[in-house]
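Notes for the one structure printed next.
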Amino acid sequence: MDAQEKLKQTAAETAVALVEDGMILGLGTGSTSKLAVDALGKRVAGGLRVTGIPTSEFTGQQARALGIPISTLDEHPELAMTIDGADEVELGTLNLIKGRGGALLREKIVASAGKRLIIIVDESKLVDRLGSHFAVPVEVVPFGWTSTARKLEALGAKITLRTGADGKTYITDGGHYIIDCGFGPIASPDKLEAELNRVVGVVEHGLFLGMASQVIVAGQKGVEVLKPR
């Protein structure tokens with residue numbers, strides 16, 4: 001495990017320490033979230049009783065393999081907490097870009113059902129402005145996706161249709177495509193969010209604004225907990 005992975009694991013374990021017996025909680029998707037699910041599995045093996053709502057098929061399989069009981073939002077429409085990672089965290093606002101793991105739609109649905117969204121990152125994910133390092137993932141309906149892509153380009157995005165490791169178009173768990181939209185540093189995330197929401201063919205996007213309750217950041221000097229200003 002390299003230094004960055006150790007930082008992520010520290011953040012993940014700090015978040016999982018917040019989980020209380022009997023909680024219904026959302027389980028995120030991505031490399032950092034995987035570490036959190038691993039840490040949760042150890043606590044469950046030690047006697048912790050929880051129910052997890054996975055945000056992807058991958059996370060569901062991981063949770064089952066670790067003996068973590070899982071369910072659905074249909075059975076549990078309100079969650080105590082969701083633990084997830086992020087691609088970028090904007091300092092001050094704690095606005096997020098998420099979706100590099102390909103599960104942004106389900107992640108946003110699960111996050112919005114929880115009373116608290118706990119984000120775990122290493123310090124490399126902190127930015128002054130969203131879009132500084134990563135594109136905004138936009139999940140779109142496959143039908144007419146090229147038309148949708150042109151509308152996204154008209155908003156100023158440099159677009160890339162996401163492909164998988166096999167070189168084929170990436171398909172989300174919901175059966176959609178993802179167009180990664182590079183906007184550079186985003187001056188007004190709220191304005192961009194409104195513009196993306198108006199594009200016909202867009203299912204969801206990776207701007208998670210005003211959703212994080214706290215961000216647990218692991219850095220060289222230790223763990224820091226950030227809350228929105």
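Below, the figures for the structure above:
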quantity: Farthest toward positive dipole pole in the chain [+1 Lys/Arg, -1 Asp/Glu at C-beta], among Ile24, Gly222, Thr148; calculated: Thr148
quantity: Charged-residue dipole, Cβ positions (Lys, Arg, Asp, Glu), region 181-229 about Cα centre, Debye nearest 20; calculated: 200
quantity: Per-selection Rg to Rh, region 136-203 - Cα, Kirkwood hydrodynamic radius; calculated: 0.96
quantity: Given charges at Cβ of Lys, Arg, Asp, Glu: the chain dipole, positive-most of Gly174, Leu207, Val50; calculated: Leu207
quantity: Rounded to 5, the percent of DSSP beta bridges in region 1-144 classed as antiparallel; calculated: 10
quantity: GluC sites (Glu not before Pro) within region 18-124, DSSP loop, no more than 14 other Cβ atoms inside 10 Å; calculated: Glu20, Glu75, Glu78
quantity: The chain, helix-only ellipticity at 222 nm - DSSP H runs n ≥ 4, -39,500 (n - 2.57), divided by all residues, nearest 500; calculated: -9000 deg cm²/dmol
quantity: Set Lys125/Lys191; Lys115/Lys158; Lys125/Lys168; Lys6/Lys108; Lys8/Lys158 screened for pairs whose C-alpha atoms are more than 25 Å apart; calculated: Lys115/Lys158; Lys125/Lys168; Lys6/Lys108; Lys8/Lys158
quantity: Within region 6-77, trypsin sites (Lys or Arg not before Pro) in DSSP loop having at most 13 other beta-carbon neighbours inside 10 Å; calculated: Arg49
quantity: Positive dipole terminus of region 1-132, leading residue within Gly99, Ser71, Ala86 (C-beta point charges); calculated: Ser71
quantity: Global geometry of region 91-215, whether rounded, prolate or oblate, following the gyration tensor of its Cα atoms and the 1.5 cut on a/c; calculated: prolate
quantity: Shape of region 86-162, Cα gyration tensor, a/c cut at 1.5; calculated: oblate
quantity: When the convex hull of its Cα atoms is projected in every direction, mean area for region 50-139 (nm²); calculated: 6.3
quantity: GNM top mover of Ser188, Ser124, Ser112 - the chain, alpha-carbon springs below 10 Å; calculated: Ser188
quantity: For Gln214, residues with placed amide H under 5 Å, excluding near neighbours; calculated: Leu117, Ile119
quantity: Most fluctuating residue given options Val217, Val127, Val138, as computed from a GNM of the chain linking Cα atoms under 10 Å; calculated: Val127
quantity: Binned Cα-Cα distances of region 50-100, short to long, each 10 Å bin given as a whole percent; calculated: 21, 43, 29, 7
quantity: Qualifying trypsin sites (Lys or Arg not before Pro) for region 189-227 [loop in DSSP, other Cβ within 10 Å: at most 10]; calculated: Arg198, Lys221
quantity: For region 38-54, 3J(HN,Hα) per residue [Karplus equation, 6.51 cos²θ - 1.76 cosθ + 1.60, θ = phi - 60°, Hz, x = Gly/Pro]; calculated: 4, 5, 5, x, 5, 5, 5, 4, x, x, 5, 9, 9, 10, x, 10, x
quantity: Estimated dipole of the chain in Debye, rounded to 20 [Cβ of Lys and Arg +1, of Asp and Glu -1, Cα centre]; calculated: 140
quantity: Cβ charges +1 (Lys, Arg) and -1 (Asp, Glu), total dipole of region 1-76, debye; calculated: 180
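Only the coordinates and a few stated rules stand behind these numbers; no lab work does. Model, not experiment: these values are computed from the prediction. Every residue, glycine as well, gets a Cβ built from its backbone with ideal geometry; the counts of neighbours run over all protein chains shown.
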